[in-house]
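The values are calculated or read from the model by the stated rules, or taken from the named source; none is laboratory data. Owing to the predicted nature of the structure, the values given are computational and were not obtained by experimental measurement. Here the Cβ positions follow ideal geometry from the backbone for every residue, glycine too, while neighbour counts run over all protein chains shown.
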């Protein structure tokens, strides 16, 4: 369809005597290349979600035990019909293309981001991937000393793909829940959020990745680096 439009445009210039303006072979080739690029737009975008440090995080003071924390997959509380989605690319004609995390669900991607942040912060983190519903009664004794789970309150990246500029926006809001495994007791909750915007002349999946990973990592860092969070973890490890 796009190729037909380009061909019709060239024909119209011929009929009106304006074709010499398009006689440049390079211009015509560019028109067809642009048509090919538009015609090959994907049906879906996949982005790699991972921890993307936004600042230098101070090393945590721990008791030296190798495995102290176990990270559980997050619960998705976003108010949307399809929680597989993490955003959309919206074109000027109103059409949109969904954005999904590559290979994983959002709940697991968020947990992996937290796990990597805790490791880089100096905490001992178990390789086990627990499934926890944030209820004290469902805490299992084999989940180490401290269990960290949480909920996704907001997680979205959107790109308004218009000419000549592309507008990216991203936001993340998470709640972290810390529990003493042996006592089966939740001892701390913290909610943190972050957002960002970017205007650019180029659209790319890499920019979608950078925006969503940046806000998620920043929200996690704010939650973990706070003095109250570190204090609560230290006190729980001492007991």
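Computed quantities for the displayed model
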{"read-out": "Any hit, region 168-189, residues being exposed (fewer than 15 other Cβ atoms within 10 Å of the Cβ) and touching a residue at least 60 places away in the same chain (Cβ under 8 Å)", "value": "no"}
{"read-out": "Residue satisfying condition, being surrounded by fewer than 12 Cβ atoms within 10 Å (Cβ to Cβ) and modelled with pLDDT of 90 or more, within set 126, 92", "value": "92"}
{"read-out": "Yes/no for residue 75 being within 24 Å of residue 172 (Cα to Cα) and in contact (Cβ under 8 Å) with a residue 60 or more places away in the chain", "value": "yes"}
{"read-out": "Checklist (1) modelled with pLDDT under 95; (2) closer than 30 Å to residue 224 by Cβ; (3) surrounded by 14 or more Cβ atoms within 10 Å (Cβ to Cβ) applied to residue 82, failing item", "value": "(3)"}
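Residues checked against (1) surrounded by fewer than 16 Cβ atoms within 10 Å (Cβ to Cβ); (2) without any contact (Cβ under 8 Å) to a residue 24 or more places away in the chain; (3) part of a loop (DSSP other than H, G, I, E, B):
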site: 43; (1), (2), (3): yes, no, yes
site: 53; (1), (2), (3): yes, no, yes
site: 110; (1), (2), (3): no, no, no
site: 114; (1), (2), (3): no, no, no
site: 134; (1), (2), (3): no, no, yes
